[in-house]
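S.K.: Dumping the structure here so I can ask a few things about it.
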Amino acid sequence: MNAFLLTVGDEILLGQTLDTNSAWLGRELNLLGIRVIRRLTVGDDHNEILASLEEGFRTAGLVIMTGGLGPTKDDITKKAIAAFYGTELVFSEETWQRIQRIFTRLGRTVTEGHRQQCWMPANARLLPNRMGTAPGMWFDDRGRILLSLPGVPYEMQAIMEDAALPELRQLPGVTPIIHQTLLTAGLGESEIAQRLEAFEDALPAHIRLAYLPSPGLVRLRLSAYDGQQDIRKAEVDQQAEAIRALLGHAVFGEGEDTLEAAVGRLLSGQGRTVATAESCTGGYIAHRITGVAGASQWYLGSIIPYHNYLKTSQLGVPAETLFAHGAVSEPVVLDMLHGVLQRLGADVGIAASGVAGPGGGTETKPVGLVWIAVGDMHHPRAIRLQLGKDRQKNIEMTAIHALQHLRLWLLEHRPETSG
Ligand code: AMP
Ligand code: MG
């Protein structure tokens with residue numbers, strides 16, 4: 001089945017609103033195995049909407065349109081749809097009752113605009129909108145389906161998720177694509193490709209592997225296109241296991257997981273706590289860690305010794321070490337790690353010090369040079385990174401490397417009591 005996406009709204013044509021609805025719908029339809037073959041945006045104009053509906057059904061069996069249903073505007077979209085089907089608008093008492101109920105509960109007064117919103121094309125089947133007043137509309141003209149949805153993204157998404165996507169999934173000829181995404185850190189795209197070469201050559205034609213790189217991470221998405229749902233699910237699971245075996249500790253999770261959450265699971269599984277000493281990242285690692293629900297179970301806190309004198313006064317880094325080696329050096333991050341473990345009383349720690357850039361580099365300490373240290377008092381590990389010139393990217397990459405190295409350290413130094 002092919003789909004045509006139509007967005008209605010002057011504000012989109014003017015560039016005041018970005019058309020995120022089409023992007024969201026494109027992603028969701030792809031997951032269902034429905035191919036989007038064209039996207040179109042028109043203004044709030046009767047003739048334009050009418051013409052684009054005609055064009056849509058010339059090219060696709062499914063047209064999904066968003067926008068033009070709000071209470072404050074003319075009901076241009078609904079009138080155009082009624083004209084398209086040669087039908088009229090009828091008053092939906094059900095919608096009117098619902099709007100009145102919602103507004104009474106909120107202690108607000110219903111306006112004439114809301115009453116206007118209740119006129120629907122006679123052949124519309126209404127789809128409930130738990131996030132707003134305008135219901136979605138489903139039209140089926142001898143198997144050619146039109147969906148009209150509000151422009152407000154979260155309302156559109158709620159109607160799709162609650163009502164439309166489950167129904168689309170049931171349509172004849174729709175076979176949802178099965179996806180499984182593995183998340184990796186520490187290996188580059190080409191390194192992964194090398195390790196997976198034989199695996200990829202052996203993949204059956206209906207299963208595909210996509211590399212989705214982002215700074216510091218590569219997501220590996222397996223997709224299965226044909227065949228019975230449960231068989232494909234099992235096949236994808238099996239291939240994912242094979243990738244895990246080939247990539248080992250580089251795989252830290254799947255789906256929407258994060259590196260910091262993976263570190264958190266390891267720490268709580270091992271009954272350990274962590275603290276951070278962050279110079280060049282200025283608390284960014286702490287920020288990512290505290291974004292994990294339940295982090296208080298295993299995260300103690302951070303010291304941000306940005307100035308050298310704080311490295312000495314707060315973490316006990318000897319002034320002579322700073323003088324002899326410079327703040328961005330192996331001995332200093334090791335001392336920072338030692339200091340934060342001792343002063344915050346954590347079992348393991350992360351320390352980072354680097355030249356984030358874009359200025360401040362020297363011949364021996366170029367921009368992008370970062371030293372990180374991870375581990376405990378007995379087995380500290382220092383890692384040298386040579387990153388790029390972009391300050392924000394360097395901060396982000398330092399955090400990702402630090403979290404990944406702590407993760408590897410934890411996997412290699414399990415406490416004796418936990419298996
Ligand atoms: P409407 O249903 O046309 O009244 O749109 C309501 C609101 O939804 C508008 O103010 C826009 O900000 C937003 N909106 C409409 N269409 C889109 C779209 N395609 N993508 C993202 N936001 C949209
Ligand atoms: Mg609009």
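The values are calculated or read from the model by the stated rules, or taken from the named source; none is laboratory data. Being a predicted model, the structure only gives us computed values, none of them experimental. Counting neighbours? That spans all protein chains shown, and the Cβs are built from the backbone with ideal geometry, glycine included. Please note that ligands, DNA and RNA were not included when accessible areas were found on the heavy atoms of the full protein model with its side chains. Shrake-Rupley method; radii C 1.70, N 1.55, O 1.52, S 1.80 Å.
S.K.: With point charges of +1 on the Cβ of Lys and Arg and -1 on the Cβ of Asp and Glu, referenced to the Cα centre of the chain, which listed residue (Y85, V218, I64) lies farthest in the positive direction of the dipole?
M.R.: V218
S.K.: If the chain between A193 and L300 were fully stretched, how many nm would it gain, using 0.36 nm times the residue separation less the Cα-Cα distance?
M.R.: Here the answer is 34.7 nm.
S.K.: With n ≥ 4 as the cut-off for DSSP H runs, can you work out [θ] at 222 nm for the chain, using -39500 (n - 2.57) per run divided by the number of residues, rounded to the nearest 500?
M.R.: Computed ellipticity for the chain at 222 nm equals -12500 deg cm²/dmol.
S.K.: Could you do me a favour and compute the accessible area per residue for the stretch 178-254, 1.4 Å probe, result in Å²?
M.R.: 51 Å²
S.K.: Sticking with this one: If you take the beta carbon distance between E256 and A122 as r and set R0 to 51 Å, what does 1/(1 + (r/R0)^6) give as a FRET efficiency, to the nearest 0.05?
M.R.: 0.75
S.K.: Tell me, what HN-Hα J-couplings in whole Hz come from the Karplus equation 6.51 cos²θ - 1.76 cosθ + 1.60 at θ = phi - 60° for each residue of the stretch 167-173, using x for Gly and Pro?
M.R.: The phi angles translate into 6, 4, 4, 7, 5, x, x Hz.
S.K.: Related question: Students often forget the sequence filter, so: which lysines lie under 20 Å Cα-Cα from K311 once same-chain residues fewer than 8 apart are removed?
M.R.: Excluding near neighbours in sequence, the set is K365.
S.K.: May I have the convex hull volume per residue, in Å³, for the Cα set of the chain?
M.R.: 202 Å³
S.K.: Calculate the length of the line joining the C-alpha centroid of the stretch 174-203 to that of the stretch 37-72, in whole Å.
M.R.: Cα centres, the stretch 174-203 to the stretch 37-72: 38 Å.
S.K.: Take Q386 and H287, extend 7 Å from each Cα along the Cα→Cβ direction, and tell me the distance between the two endpoints in nm.
M.R.: With each label point 7 Å from Cα toward Cβ, the separation is 2.8 nm.
S.K.: Pop the C-beta distance of L411 and F323 into the FRET formula with R0 = 45 Å and round what comes out to the nearest 0.05.
M.R.: 0.80
S.K.: As I understand it, the value is the acute angle between the Cα axis of helix 229-247 and the longest principal axis of the Cα atoms of the chain; what does it come to in degrees, rounded to 10?
M.R.: 20 degrees
S.K.: Using amide H atoms built in the peptide plane, which far-off residues or other-chain residues are under 5 Å from G253 H to H?
M.R.: Excluding prolines and chain starts, which carry no amide H, the hits are L183.
S.K.: Please report, as a whole percent, how much of the solvent-accessible surface of the stretch 197-286 comes from carbon and sulfur atoms (probe radius 1.4 Å).
M.R.: On the way: 2090 of 4060 Å².
About 52 percent, which is the carbon plus sulfur part of the accessible surface.
S.K.: Arrange the peptides 299-310, 205-216 so that the one whose residues have, on average, the most other Cβ atoms within 10 Å appears first.
M.R.: The densest-packed peptide leads the list: 299-310, 205-216.
S.K.: Between the helical axis of 93-106 and the dominant principal axis of the chain, each derived from Cα atoms, what acute angle in degrees is found, rounded to the nearest 10?
M.R.: 40 degrees
S.K.: Let me ask something else about it. Return the distance in nm (one decimal) between the two label points of a simple spin-label model at E94 and E55, each offset 7 Å from Cα along Cα→Cβ.
M.R.: Computed distance between label sites E94 and E55 equals 3.4 nm.
S.K.: Sticking with this structure for a sec: I want to check the label-to-label distance for T109 and Y154. Put each point 7 Å from Cα in the C-beta direction and report it in nm to one decimal.
M.R.: Here the modelled spin labels are 2.7 nm apart.
S.K.: Helix 391-412 against the longest principal axis of the chain: what's the angle in degrees, Cα atoms only, rounded to the nearest 10?
M.R.: The two axes meet at around 70 degrees.
S.K.: Oh, and also: Please list, by residue number, everything in the stretch 15-40 whose backbone N is under 18 Å from a paramagnetic label point 7 Å out along Cα→Cβ of L212.
M.R.: What the label zone holds, given the 18 Å backbone N cut-off, is 20-36.
S.K.: A further question follows. For the stretch 14-131, report the convex hull volume of the alpha-carbon atoms normalised per residue, in Å³, without decimals. It would help to have the intermediate numbers written out before the result.
M.R.: Working: hull volume 16.0 nm³, N = 118.
Residue-normalised Cα hull volume stands at 135 Å³.
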